[in-house]
1. Does residue 656 meet the test of being surrounded by 19 or more Cβ atoms within 10 Å (Cβ to Cβ), without any contact (Cβ under 8 Å) to a residue 40 or more places away in the chain and either in a helix (DSSP H, G or I) or of a type outside the set (S, T, N, Q) (or both)?
2. Picking from 116, 156, 120, which residue would you name as being assigned by TED's automatic domain parsing to the domain that holds residue 48, in contact with a Phe, Trp or Tyr (Cβ under 6 Å, 6 or more places away or on another chain) and surrounded by fewer than 20 Cβ atoms within 10 Å (Cβ to Cβ)?
3. Consider the stretch 13-32. How many of its residues are surrounded by fewer than 17 Cβ atoms within 10 Å (Cβ to Cβ), under 15 Å from residue 171 (Cα atoms) and at pLDDT 85 or above?
4. So, of the residues in the stretch 309-355 that are at pLDDT below 90 and among the acidic types (Asp, Glu), which turns out to be nearest to residue 164 (Cα to Cα)?
5. List pairs: first residue in the stretch 140-158 and closer than 13 Å to residue 125 by Cα, second residue among the aromatic types (Phe, Trp, Tyr) and modelled with pLDDT of 85 or more anywhere in the structure, Cβ distance under 9 angstrom, at least six positions apart or on different chains.
6. Given the conditions (1) more than 33 Å from the chain's Cα centre (by Cα); (2) free of Cβ contacts under 8 Å to residues at least 40 places away in the same chain, report the number of the one that residue 495 does not fulfil.
7. So, residue 36, is that one hydrophobic (A, V, I, L, M, F, W, C), buried (at least 16 other Cβ atoms within 10 Å of the Cβ) and under 36 Å from the mean Cα position of the chain (by Cα) or not?
8. Test residue 504 against the criterion of being under 16 Å from residue 534 (Cβ atoms) and either in contact with a helix residue (DSSP H, G or I) (Cβ under 9 Å, 6 or more places away or on another chain) or at pLDDT 95 or above (or both), and give yes or no.
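The values are calculated or read from the model by the stated rules, or taken from the named source; none is laboratory data. Values in this document were obtained by computation on a predicted structure and should not be read as measured data. Backbone-built Cβ (ideal geometry, glycine too); neighbour counts: all protein chains shown.
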Amino acid sequence: MPGRVSGSLPAVWNVEPRNPEFTGRDTVLADLRRRLDTGSTGGVQALRGVGGVGKTQIAIEYACRFAFHYDVVWWIAAEDPALIGEQVAALAVELALAEPGTDTATAVAVLKAHLRGRNRWLLVFDNADDRAGVAKWLPGGPGHVLITSRAGGWERIAATVPVDVMERDESVALLRTRRPELSPEDADLLARALADLPLALAQAGGFLAETATRVGDYLTLLDSHATAVLTEGSTGDYRKPLAGAIDLSATRLARLDPLGLAVVRLCAFLAPESVPVHWLLAFGRSTAARALRAPGPHAPGGPLAALALADTDPVALHRGVGSAVRLGLATSTHDGVRLHRLVQAVIRDQLGADAADVRRHARTVLVQAAPGDPEDPATWATWARVVPHLLSVDPGGADSPELRDLACDAAWYLTERGDSEASARLAVDLRTRWTAASGPDDRHVLRASRCLARAHREQGRYETAHLLYEASMPRSRRVLGEDDPQTLRLAHGHAINLRLRGRYEESRRLQQDTLARYRRLLGHDHPHALHSANHLAADLSALGRYEEARELHEETLARYRRVLGDDHPDTLRSANHLAADLSALGRYEEARELHEETLARCRRAFGEDSPHTLRAADSYGTTLRRLGRLDEAHRLQRETLARYRRVLGDDHPQTLRTAHNFSETLLARGESEEAHRLQADALEAARRVLGADHPETLHAARHLALIRSDLGR
């Protein structure tokens, strides 16, 4: 039990005053206390994290908060290993174990013997980078040792406590502690821009207070002059501004491990997410990296010259990553390395005129990491890692054909994964900037146009998509030719959009022509030919030619299963279409079995909220209603409609289709009033979204009239 009142300090104490603005970190502090109190690792804990993350402040707060558990608390600045010994010896003098002037070795030996025989002491080694330089001063025994470090490798002498950036609510609280007049919204904007790094938050609060700068102006300055901004502003209890700390670490890294600095520079142009080391190794073996050894602008002394070593000495690259982590410029992940966004900003500023060249090489890293076909679910995990980095290298400003291809594939991937909003944002930027740079007839401009048209189509913006298809199709036919794969993919998408706009016969004619060309050029089993066949069958179904649609869907599904496998999204889409045809033909039990299997596969492969899953659930609900299984249909359709509203919004055409289908089930269950309310709302939205003359709008109007008749209105 403690021998003093809580809040009092021990007689032997040299810790800096407690930071009155310290905010949050309760979880880390509680975990640290639990770890030290159990003594399971000999009472030695290492707080590890990047520079500016608040390790020292946490250590000070721990010492102050739990001071009454100790009789001795001694702080040791451990950045320079050569100066540790005299600080440890000073504790021996403070405890009257040695006379002033006693040589360090004698004083430390006496101190260690003394501490090993008692508890209730805490030593803090702050800002330690050298494990060996700290290990020899540890006394052992039942007391506690706390180490703060940017470096790793403490496992042999300490348990590591990772220190990450602050939680967002903690960041907001810290900013508002320093600047009470900040609104929660402005504080949140600042915290997001500063990525919740405590030192940056402290500086931002100081800068705003000292310069009367508005939050919006500060964010603009941060974006354009990161180093200058991160040099200014009171840092509170932090020893140096963030920019200065980063610059110091980069200077040390340049001296100790130039390859590590090259890694940091390259990663500064990627996203503040994990960069897999195997990407860096692949780049090291590339032609671009080998060119760094050649005479010219990339000769030794250039910003990435040291990366040439990675080709002949891959171990050196791993060592370089470790050096960057050890000096606090990066954080290691399970398979790579990550830079904080503010570290990235300062490093980019330091490069000056060399920045464009380093960005070009960062783009090359991503081209080499290209995941492959964005329609193949096997590539999606890799795409999820690549896309944030791709967005960081400004693909719209690229003239590399390879990077442009990668950017278009990324936009297509985003739509495949159900994020058509993000796909549209990317495609708009690519199309606008590439058109300005290369003209409207450029091949990649046409690809970006196709990506954008599809994204609009998936969002239910059929008229906007139509305008894009109408503008792009003649250009592609003229520039690339009638049978170019790009032209055919545009025609295929245009035909789908025509069907969704209710122009079923036009869609059928265009899709039939496209399918014939695909089969002649690529064969019947090519995925693009199968896509075209699948949608031609959907056209036939929309025209009421259900038996023809069933035959074509059946043939196409068999080919899909053989070529792409049972769980590919296109296979499951085809299966869902075939089940709908069977249901339309009155073959309800066959349809139910196929629907049930398809929905289960979609849920397992894509999750409950995927467009693939929701379409399958909607179709299955209709078949259950036709089978008379009204309670099952009701439960499934109600849930599906709720998900569509949440995922796509109330007015998306697919939401309206599901609302219409659900109203039919409600009417069949005798819930005519609810069916009327739902259908009336859906009809009003359909007139607004699809137009009064769209076949689906007219069908909805007829169904509403039927409901009103049932109600006697």
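1. Details: surrounded by 19 or more Cβ atoms within 10 Å (Cβ to Cβ): yes; without any contact (Cβ under 8 Å) to a residue 40 or more places away in the chain: no; either in a helix (DSSP H, G or I) or of a type outside the set (S, T, N, Q) (or both): yes.
In short, no.
2. Numbers: 116 fails: in contact with a Phe, Trp or Tyr (Cβ under 6 Å, 6 or more places away or on another chain); 156 fails: in contact with a Phe, Trp or Tyr (Cβ under 6 Å, 6 or more places away or on another chain).
One residue alone meets the criteria, 120.
3. 2
4. 335
5. 144/70; 144/121; 145/125; 146/62; 146/125; 147/125; 148/125; 149/125
6. (2)
7. Values: hydrophobic (A, V, I, L, M, F, W, C): yes; buried (at least 16 other Cβ atoms within 10 Å of the Cβ): yes; under 36 Å from the mean Cα position of the chain (by Cα): yes.
Against the criterion (hydrophobic (A, V, I, L, M, F, W, C), buried (at least 16 other Cβ atoms within 10 Å of the Cβ) and under 36 Å from the mean Cα position of the chain (by Cα)), residue 36 qualifies.
8. On the way: under 16 Å from residue 534 (Cβ atoms): yes; either in contact with a helix residue (DSSP H, G or I) (Cβ under 9 Å, 6 or more places away or on another chain) or at pLDDT 95 or above (or both): yes.
Against the criterion (under 16 Å from residue 534 (Cβ atoms) and either in contact with a helix residue (DSSP H, G or I) (Cβ under 9 Å, 6 or more places away or on another chain) or at pLDDT 95 or above (or both)), residue 504 qualifies.
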